[in-house]
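Here the structure comes first, spelled out in structure tokens, and everything after it is commentary.
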Amino acid sequence: MTSLPDCLENCKVLLCFDNQLTSLPDCLGKCKKIFCSDNLLTSLPDCLINCKDLKCSYNQLTSLPEGPLGLENCEILDCSWNDLISLPGGLNGLQNCRELLCFFNQLTSLPDCLGKCEKILCFRNQLTSLPDCLGKCEKILCFRNQLTSLPDCLGKCEELDCHNNQLTSLPDCLGKCEELFCHGNQLTSLPDCLGKCKKLDCRFNQLTSLPDCLENCEELYCRFNQLTSLPDCLENCERLYCSNNNLTSIPDCLKNAKYRDL
């Protein structure tokens, strides 16, 4: 299918993914759900004011609708695998978005209107920073960007994957983080707030020590650092990967770990 009819003004759910569409009709103002992934779209209609769930991945989009009739009410947006350089911001931006999937684009920044967002997958872009409005976000996958720092508002984040960036430090607000992937950065230390962390991957950094708050850590990957010792609080650790460091011994609490790569 290469086109859709212009008589869809009353359509509320449009499923037209995996076709060869180059455009959508301009009459989708009442549509609440649009799944148009895997097409040849270069743009979307300007009037998507009622759309709450938009999946437009795997197209050739360079921009998304902005303005008073745009994506202000969109709650779930998947615009991954496109050619986007920016996302709608301002008063009529994505302020109601709860889930944002925008990976594999050319984004250099995210808008400051994502205060309601609970899940952001923005990996493999060209981001140099994240906005300071992500206080409700519980899952952030921002790996393989150009980030040099993370905001101090990530207190509700339970899963953070920021590997392969240019980070030299992590914020002190990660007290709820249960899974942290920060390998491939330039970290020299980790924050002392990781008491709930169960899975920690901090390989390929410049760490000389680990914090003493990892009592709940079950999987620890800390290879290729400059560690000279490990903390005595790792009694719950079941999988330990700590080779390629400067360790001369491991704590007694780790001798019963199910798997150790020393």
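List the pairs from Lys33/Lys199; Lys119/Lys176; Lys12/Lys136; Lys32/Lys176 whose alpha-carbon separation is above 24 Å, in the order I gave them. Walk me through the numbers on the way to the answer.
Numbers: Lys33/Lys199 36 Å; Lys119/Lys176 15 Å; Lys12/Lys136 29 Å; Lys32/Lys176 34 Å.
The answer is Lys33/Lys199; Lys12/Lys136; Lys32/Lys176.
If I take R0 = 22 Å and measure r between the Cβ atoms of Ser3 and Gln60 in this structure, what FRET efficiency does the formula 1/(1 + (r/R0)^6) give, to the nearest 0.05? Walk me through the numbers on the way to the answer.
Working: r = 16 Å, r/R0 = 0.74.
Once rounded, the FRET efficiency stands at 0.85.
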Legend entry - Point-to-point label distance, Ser229-Asn216, nm (Cα→Cβ direction, 7 Å offset): 2.6 nm
Legend entry - Förster-model FRET efficiency, 45 Å R0, Gln126 and Asn73, C-beta, rounded to 0.05: 0.95
Legend entry - Residues listed by number, region 92-115, amide nitrogen under 20 Å from Asp83 label point at 7 Å toward C-beta: 102-109
Inset, instruction - Give me the number: length gained by fully extending Leu91 to Leu15, i.e. 0.36 nm times residue separation minus the C-alpha to C-alpha distance, one decimal in nm. - result: 24.5 nm
Legend entry - the chain: most fluctuating residue of Leu71, Leu40, Leu180 per GNM, C-alpha cutoff 10 Å: Leu40
Legend entry - Max mean-square fluctuation residue, GNM over the chain, Cα-Cα springs under 10 Å, options Ser80, Ser109, Ser229: Ser229
Inset, instruction - Kindly write out, for region 219-236 in residue order, the coupling ³J(HN,Hα) from the Karplus curve 6.51 cos²θ - 1.76 cosθ + 1.60 (θ = phi - 60°), rounded to whole Hz, with x marking Gly and Pro. - result: 10, 10, 10, 10, 5, 6, 10, 10, 6, 10, 7, 10, x, 8, 9, 9, 5, 9
Legend entry - Virtual spin-label span in nm between Asp261 and Thr108, 7 Å along Cα→Cβ: 3.8 nm
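Counting DSSP beta bridges in region 1-146, what percent are antiparallel, to the nearest 5? The partial results should precede the final answer.
On the way: 0 of 18 bridges.
In region 1-146, DSSP labels about 0 percent of beta bridges as antiparallel.
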Legend entry - Long-range HN-HN contacts of Glu158 with modeled amide H, under 5 Å: Lys139
Legend entry - region 180-194 - phi-based ³J(HN,Hα) in whole Hz, Karplus 6.51/-1.76/1.60, Gly and Pro as x: 10, 10, 10, 5, x, 10, 10, 6, 10, 7, 10, x, 8, 10, 9
Inset, instruction - Read through the labelled values (i) 1, 6, 12, 16, 14, 11, 10, 8, 7, 6, 4, 2, 1, 0, 0; (ii) 1, 5, 10, 13, 15, 15, 14, 11, 7, 5, 3, 1, 0, 0; (iii) 1, 5, 10, 12, 11, 8, 6, 6, 8, 8, 8, 7, 5, 3, 1, 0, 0 and report the label of the one computed as P(r) over Cα pairs in 5 Å bins from 0, in percent from the structure. - result: (i)
Legend entry - Charge sum, other residues only, whose C-beta stays under 13 Å from Leu84's C-beta, Lys/Arg counted +1 and Asp/Glu -1: -2
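Coordinate-derived values only; no laboratory data. Predicted model, so just to flag it, every value in this text is computed and none were measured. Here the Cβ is made from the backbone with ideal geometry for all residues, glycine too, and neighbour counts use every protein chain on show.
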